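The values are calculated or read from the model by the stated rules, or taken from the named source; none is laboratory data. No experiment lies behind these values; they were computed from the predicted model shown. FYI the Cβ positions are ideal-geometry reconstructions off the backbone, even for glycines, and counts take in every protein chain you see. Ligands, DNA and RNA are excluded from the accessible area calculation, which covers all protein heavy atoms including side chains. Shrake-Rupley method; radii C 1.70, N 1.55, O 1.52, S 1.80 Å.
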Amino acid sequence: MNRNDKVIIFVDGNYVYKSLKEEKNLEFIAAELVKLLEGAYSKLEGNNDLRRIYYYNTYPPLESDKSRKESVDKLIWQIENKAKLSLAEVQKEIGIMFSKHITKQEVLKKFNLTEEEFIAQEMFYNSSQQMKFYEKLQYGGWKVILKKLKKDKEGKYHQKGIDIYIASDMLSLAFEDGYDTAMLVSGDADFIEIVNKIQERGKLVYLSCFEHGKSWDLQKSCDGYINLDSIIGSILKERKK
């Protein structure tokens, strides 16, 4: 049947990140993630109308913990004051030194940094890079939904409840006839019940995920399956050009 459906894609960002980073040792820039989802969307049958992509993830630890951020900001000020350079300039020089295989101890000595200050600049860099990644997705028209990380008694940060927000949006938009077809980018079997309820509304749900760690029960519950592994190769080829 030749369909012409309104489509919304729901992306579990942490799932995609872990699958690429931990299972495939890959790290995508925002433009490559966009290409991955465009490739998945192109595999849907019919002349579809992509209405929106919802991307769910968490803020980095610094953006999730106000007191920790204030502490790091103070350390960043100390670094810039000592070096008489901006943090960006300090980090650029540190990167050059590491590329020349200069040891961490020599880096600390050159900039008169404490171990705590070095860790702070790393945290600040990682946080800013993650937020820039989200911003690029937003500039591309994606709806980026971020939640704060939860800190346990040991001071470790964890993501909790993202799947609940995804499920809630999928269900509410289905009842509002916001889409005819949903593409769920996740491998979590917890979505099975939500998929069934959405299908009871006459909607189609496609699963798009990686083979590793995929829930077969979730795949069987959905109306179709799109393998993301089959799309990665073409993106990696473009990197080499």
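Odds and ends about this structure:
- Residue within the range 148-155 that is under 22 Å from the mean Cα position of the chain (by Cα), aliphatic (A, V, I, L, M) and at pLDDT 90 or above present: no
- Restricting the range 116-128 to residues that are without any contact (Cβ under 8 Å) to a residue 12 or more places away in the chain and open to solvent by less than 80 Å² (accessible area, probe 1.4 Å) leaves a set whose member that is farthest from Lys84 (Cα to Cα) is Ser128.
- Residue in the range 19-38 that is within 18 Å of Gln159 (Cβ to Cβ), modelled with pLDDT of 90 or more, open to solvent by 40 Å² or more (accessible area, probe 1.4 Å) and outside any helix (DSSP H, G or I) present: no
- Among the conditions (1) open to solvent by 20 Å² or more (accessible area, probe 1.4 Å); (2) touching a residue at least 24 places away in the same chain (Cβ under 8 Å), Asp5 misses just one, which is (1).
- Taking every residue in the range 88-112 that is farther than 15 Å from Glu122 by Cβ and pairing it with any residue that is modelled with pLDDT under 95 and not in a helix (DSSP H, G or I), at least 6 positions away or on another chain, the pairs with Cβ-Cβ distances below 9 Å are Ile96/Ile102; Lys110/Ile102.
- For Leu62, the stated conditions do not hold, so it cannot be described as under 25 Å from Ala167 (Cα atoms) and of a type in the set (A, V, I, L, M).
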